[in-house]
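What follows is one structure encoded as structure tokens, with my remarks underneath.
The values are calculated or read from the model by the stated rules, or taken from the named source; none is laboratory data. Owing to the predicted nature of the structure, the values given are computational and were not obtained by experimental measurement. Because the Cβ atoms are built from the backbone with ideal geometry, glycine has one as well, and the counts that use them run over all protein chains shown.
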Amino acid sequence: MNNTQTKAPPSFAEAKNSRQKARAAGMDYDRWYVVEYDSVVKKGQVKEVTFWNTSIALYRGDDGKLAALQNRCPHRQLKLTHGVVDQCSLRCAYHGWSFNSDGKLEDYSHDNFGKPLIKRQLRTYPLQVRYGLIWLFPGDPELADAVKIPEIPELAGDNPWANFVSDLTWNTHHSMVMDNICDFSHAFLHRKYQPFTDAKLTHHEADDDRVYLTYDAYMAGGRISGIFVDRKRVNTRSIELCYEYPYQWTNTGDSIKNWSFMLPIDERTTRVFFLFYFDALTIPLLAIKTPKWLTQMVMNIAKPLVFKPILKEDGIALEAEMLAYENYWDEPPIELNPVVPMFQRLTARKWENYLERTGNPQAACGRND
């Protein structure tokens with residue numbers, strides 16, 4: 001009997017199958033996650049970013065350097081993002097207490113009452129900037145140097161491929177996002193723009209860290225996108241995809257590529273950064289290969305006209321799926337695509353490994369203050 005009208009979906013420990021476990025899983029803290037665009041955080045600005053219910057104050061000092069602190073003044077527990085950047089420190093809005101980029105209290109502005117009894121500094125988070133994106137390491141900072149951000153050689157050097165990033169925040173669990181972006185059986189959802197059609201799964205394999213798969217499919221067949229794809233040079237009849245935990249990448253003909261970086265905000269909210277890069281566009285009536293500057297211009301135009309609308313269609317479906325799961329989580333899973341359960345098992349296994357490795361009960365309930 002369906003009892004979901006009175007019970008919430010199970011916790012990770014209570015889950016009975018891989019789908020339920022995936023839907024209750026967090027993401028391994030000991031990885032690098034994209035939290036914002038580098039261009040968004042100006043000198044003297046502070047922004048709140050959230051990783052799995054953990055609020056973090058991200059700011060850029062007057063020296064241009066980024067810093068990330070636990071977003072909580074230890075005095076009255078106000079978020080430091082209510083405050084202001086003062087030179088290279090972050091000052092709380094309430095009493096003006098100031099914390100430097102190392103999380104240490106350096107000014108409490110009213111010392112006539114005595115020195116504050118603060119036994120430890122605020123937690124700080126390692127940061128890197130890569131591909132125009134700010135990456136944050138929410139886990140053990142001693143592991144940060146050993147864990148690598150994905151290498152994208154096509155975007156390195158003096159002559160990078162044309163590229164852009166598009167991001168969306170969806171009211172859905174991160175595991176549902178991964179199921180969606182690797183499952184090409186939902187072409188009907190995109191019948192207006194047709195980013196792919198006639199997809200047939202041709203290969204899939206999995207190991208401890210990834211799920212790799214290929215489809216035969218007709219790629220970029222829409223009325224707009226199809227005009228600019230150079231089908232003479234590029235095989236657009238197949239695509240490689242890989243869930244390389246916790247990221248995802250695709251490759252069409254070694255010339256149209258994408259990485260997807262998920263930021264799990266909480267149990268039902270996920271921000272996703274989609275990084276697209278291209279070396280295979282053609283301009284109608286132009287006989288030569290399109291120069292990169294012109295490819296970049298076309299991509300900038302296509303981003304709001306083609307890519308964003310396609311991703312919004314995914315968002316509509318994913319948010320509806322989240323609501324449906326909360327009501328019908330105990331219904332038997334019906335899944336025809338064999339790779340989807342593989343994604344779910346990888347997500348659940350990695351979260352279980354993290355909990356066992358760290359013994360972090362706060363992470364299990366989505367808090368890491």
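If only residues of region 162-209 that are among the hydrophobic types (A, V, I, L, M, F, W, C) and farther than 21 Å from Met262 by Cα are counted, the one that is surrounded by the most Cβ atoms within 10 Å (Cβ to Cβ) is Ala162.
Please tell me if Tyr328 is over 23 Å from the mean Cα position of the chain (by Cα) and modelled with pLDDT of 90 or more.
Yes.
Close Cβ contacts (under 7 Å, 6 or more residues apart or on different chains) running from residues in region 29-57 that are closer than 12 Å to Pro138 by Cβ to residues that are surrounded by fewer than 16 Cβ atoms within 10 Å (Cβ to Cβ) and among the β-branched types (Val, Ile, Thr) comprise Asp30/Val147; Arg31/Val147; Trp32/Val147. Of the residues in region 3-21, none is touching a His at 6+ places or on another chain (Cβ under 8 Å) and modelled with pLDDT of 95 or more. Count of region 141-163 residues, restricted to those that are under 26 Å from Leu69 (Cβ atoms), part of a helix (DSSP H, G or I) and in contact (Cβ under 8 Å) with a residue 60 or more places away in the chain, is 2. Looking at region 185-224, which of the residues that are β-branched (Val, Ile, Thr) and in a strand (DSSP E or B) is nearest to Trp351 (Cα to Cα)? This residue is Val211.
Of the residues in region 155-171, how many are at pLDDT 95 or above and in contact with an Asp or Glu (Cβ under 7 Å, 6 or more places away or on another chain)? Of the residues in that region, 2 qualify.
Give region 147-174 a look and list any residue that's within 22 Å of Thr214 (Cβ to Cβ) and among the small types (Gly, Ala, Ser), or say none. Answer for region 147-174, where residues must be within 22 Å of Thr214 (Cβ to Cβ) and among the small types (Gly, Ala, Ser): there is none. Those strands (runs of 3 or more DSSP E) of region 1-97 in which at least 1 residues are under 17 Å from the mean Cα position of the chain (by Cα), farther than 23 Å from Lys148 by Cα and not polar (S, T, N, Q), considering only elements entirely within it, cover 46-51.
Quick check on region 237-262: of everything there that is of a type in the set (S, T, N, Q) and assigned to a strand (DSSP E or B), which residue is farthest from the chain's Cα centre (by Cα)? Looking at residues that are of a type in the set (S, T, N, Q) and assigned to a strand (DSSP E or B), I get Ser238. The single condition among (1) more than 21 Å from Phe273 (Cβ to Cβ); (2) under 20 Å from the mean Cα position of the chain (by Cα); (3) of a type in the set (Gly, Ala, Ser) that Gly315 does not meet is (1). Selection over region 62-82 of residues that are surrounded by 21 or more Cβ atoms within 10 Å (Cβ to Cβ) and modelled with pLDDT under 95 gives a count of 1.
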